[in-house]
Amino acid sequence: MNALDKLNLIGIVLAVVFLAMACIKAEWVRDRRRRFNPGAEEVPDSAFTVTRILFVFLAGMLIYMAIQGFGVSAGQP
């Protein structure tokens with residue numbers, strides 16, 4: 001396993017983490033924020049929607065780049 005393969009695996013692991021973060025429910029985050037900082041203002045639902053879209057987009061890009069990277073590393077000796 002060369003360095004490019006290791007980098008691609010790190011990218012795939014990071015993509016899985018991003019997808020897991022996109023699946024977290026907004027109420028869970030709000031409850032955690034209330035426990036740690038009760039005086040903080042409420043986060044709107046649109047912020048969670050934008051964040052989920054961003055995480056899914058980044059995960060897709062990482063997976064795409066990892067697939068391309070595996071193709072490049074297969075051609076190397």
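Any read-out appearing in this document is the output of simple, stated calculations on the displayed coordinates, not a laboratory observation. Quick caveat, the model's predicted, so the values are computed rather than measured. Cβ coordinates were reconstructed from backbone atoms using ideal geometry, including for glycine residues, and neighbour counts include every protein chain displayed.
List of remarks:
- Kyte-Doolittle mean at least -0.5 and Cα axial length at least 15 Å: DSSP H helices in the chain: 3-22, 45-74
- Positive-end extreme of charge dipole, the chain - chosen from 37, 51, 26 (charges on Cβ): 37
- Correct option for Cα Rg over 2.2 N^0.38 Å [calculated from the coordinates] among (1) 1.00; (2) 1.52; (3) 2.94: (2)
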